Amino acid sequence: MKKINRIGITRAAIGISGLLAAFPAPPAAMAADGRALFEKNCSACHSVMPPPKSAPPITPIASRYRQAFATRQEGVAHMVAFLKSPSKEKMVADRQALERFGLMPPMQLGDRELRAVAEWVWEQGGTGGWGPGSGRGSCQGGGPRRP
Ligand code: HEC
């Protein structure tokens, strides 16, 4: 009987470690997701750092959101609402952007994608980074791979 019990316990242990391996750390996965979504859906108009393309760069926008909202949760929620249907009233960042670039078109993305990309944008305001070299070499996936 004892033998059978042991085997049972070993099985359970393997089962648990298997489960853990199946769920990789969510924050890293989210960040990568948000960045990929940005590259695909936003980077045609938005650069991350100045100079601007056809829209204000992301870093100063993210800094404004951080000033305007007490928590990341509120900031991200507002940004998602803006991305769904941009309007002058919802604008938090630079209102002059409207005259310079026009209103942003609504994004045709699902809620999950909008959240992921908004969270990624919010993170870009955290470095305080206008200093030389900021925005480069942030160790995303190792090694220089420039086109
Ligand atoms: C077709 C060009 C275009 C695309 C694509 C685009 N944007 Fe914009 N975006 C703009 C312009 C222009 C503005 C400035 C005017 C405004 O706020 O509507 C802006 C403003 C913003 C703002 C500031 C809003 C505020 O509160 O003042 C955020 C945040 C933003 N964009 C995020 C995104 C994200 C995230 C994506 C991709 C999912 C994206 N944009 C895709 C053109 C674009």
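Computed from the alpha carbon atoms alone, the convex hull of region 23-123 holds 97 Å³ per residue. If you wrap the Cα atoms of region 64-127 in a convex hull and average its projected area over all directions, you get 4.4 nm². Each eigenvalue of the Cα gyration tensor of region 37-86, multiplied by 5 and square-rooted, gives one semi-axis; in descending order these are 20, 14, 8 Å.
Bear in mind these aren't lab numbers, they're just calculated from the coordinates by the rules spelled out. None of these values were measured; they are calculated from a predicted model.
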